[in-house]
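First comes the structure, then the notes that go with it.
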Amino acid sequence: MPFTSMTRSDPKLNAPGTLGQLRRLHAAVRFALPQRHAVTVIMLLVLAVAAINAFEPLVLKWVFDQLTDLQQAGAILTGMLLLLAFAVCREAMDGFANWLTWRTRIGLQYALLEATIGKLHRMPLRIQRSEGIGAIMTRLDRSIQGFTSAVALILFSILPSLIFLVLAIAIMLRLEWRLALLVLAFAPLPAAIAAFAGPEQMHRERTLLDRWARIYSRFNEVLSGIVIVRSFAMEDVEKSRFLGDVAAANQVVIKGVAVDAGYASASNLAVALARLGGLALGAYFVVQGEITVGTVVAFLGYIGGLFGPVQGLSGVYSSLRKASVSLDEIFGILNVQEHLGDSAGAIDLPDVKGEVSFENVHFRYEQPQRPLLDGLTLRAAPGETVAIVGPSGSGKTTLMALLMRFYDPLEGRITIDGLDLRGIKQSSLRRHIGVVLQDPLLFNDSIKANIAYGRPDATDAEIESAARAAHAHDFIMRLPDGYETRVGERGGLLSVGERQRITIARALLKNPPILVLDEATSALDAESEEAVQTAIEQLVAARTTFVIAHRLSTVVNADRIIVLKEGRIVESGRHGDLMRQNGYYASLVRRQHRGLIDNDIDPSAIPAAG
């Protein structure tokens, strides 16, 4: 799903056609405001260069007119020195303007990155998951690069080109109006050609952006899942797929270059015809004695200088069309409706005791769907361990997502120590909640940095203490660089059990009063699970803990087990009590006892199905 089809927060910026583009362009200008002083200097420089270029043909006219009189050697030398001064000044100003332009472009690019990257962190999770990280980053990079290039062209080409055109046309009309009208008759041709080429170029730009996003989204998935690719011997297939898609995209580029070359040739032919027509008519006027050779030379200079800005302005039109595609993508990110925001009077959480209440909570992700949570009420006392079990889709993970305030309930409320989550700053809320997930994600950094991710200011002693409590210290010290060992992308250089103990150490170091364990041991072998369970026992001590589990052997010691089914609590109690009730929970245990619970309960104690 491209960003342009996502929900936007500002309908004005979503307006169709030129009006919407102008509003987006106006909104984008704010990113250039910090660079306004540099932009002013650049424009002054390019205006000075435009003035030099406009007056240079007049100096050429004067020099050539002096050639008819051999006594004017001093005047000729003066003209040559003036042309040299023009050249030196032009190159010096061009060079400085070019350096300043690049500095401004980098500043603009940084401002756009700052805004869009921050937005990516806050956009709804479903968008990131549906679009794909590779596609998002490809769109973002190409769109920002395209937009900054277009802005640089627009800011530093339009005004100087217009100034040069006005000066050149005024001077040409004053020198010889008939010759000027002939040359100007050809001027609209490059602009007409560019306008004709614009729609095709815009369509091509959007097509390429979509193709590259899909290509690199798939490539990112392949590299992330390289073990699966290799286990199915699909390396050659994926390589062929990638190269085939790249070749197809390159064919679009090559075809586009050919089309653009045709338009450029047609535009250059119009310039050549203007030059030949001006030379022929000028030669005729010289023969007739109506103008001097210097005037013809000046006109030839203006023809070259005149059509450069005309073609440049035509190129600006093309760049504007292409930039509109980049604007669509950039504002597709900037105007995505954020999943939630802090309320105006949101507060930081004070010292948390850990009482959590769900009060008549209703929730669904999309309106047509059945409710995932349907009037759920649950209270967890401070320090209590509450296990949440039930079939897939019963609302277990959704319940914890609401606790983390990734979403708000449609009805009801959730409180911590009596405070409604909607009145608490999200950053403050999440600082008081620790999470250990089924997939133990680590960053490609040192073990030390991964453990300290939630507390970057933690001391080495605190980090080691957390690792010891998580039963991770011993295996860490066996690694080549100990705590400085880099773990690879997503922690791939460590086993799943080792990664999980690192994430538990991370949660221990954070020392949160509320803890969420989401299938924290489901992917482990028996030996690793035993080590991780021992670490978890350290982690849950004196914390309000929610344990989401399918493997029921991991929840038999919970203070309370909540059984969810179709978004409602159907049973609640300790393991032994629920087994004696011989209800839905007992049926779940019965299905698993052969594979998972032989060591936890006596199968003979399980009541027979009644």
Checklist entry - Has the stretch 230-249 got at least one residue that is under 30 Å from A168 (Cα atoms) and modelled with pLDDT under 85? => result no
Item to check | the stretch 497-522 - residue that is closer than 25 Å to L399 by Cβ, hydrophobic (A, V, I, L, M, F, W, C) and part of a helix (DSSP H, G or I) and, of those, farthest from the chain's Cα centre (by Cα) | outcome: L508
Next on the checklist: So, in the stretch 406-460, how many residues would count as being charged (D, E, K, R) and out of contact with any strand residue (DSSP E or B) (no Cβ under 8 Å at 6 or more places or on another chain)?
Outcome noted: 9
Checklist entry - Within the stretch 447-467, can you find the residues that are buried (at least 16 other Cβ atoms within 10 Å of the Cβ) and assigned to a helix (DSSP H, G or I)? => result I447, K448, A449, N450, I451, E462, I463, E464, S465, A466, A467
Next on the checklist: Going by what's in this entry, would T534 be described as of a type in the set (S, T, N, Q), at pLDDT 70 or above and buried (at least 20 other Cβ atoms within 10 Å of the Cβ)?
Outcome noted: no
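The values are calculated or read from the model by the stated rules, or taken from the named source; none is laboratory data. For clarity, every value in this text was computed on a predicted model and none was experimentally measured. As a convention, Cβ positions derive from the backbone with ideal geometry for all residues, glycine included, and neighbour counts pool all protein chains shown.
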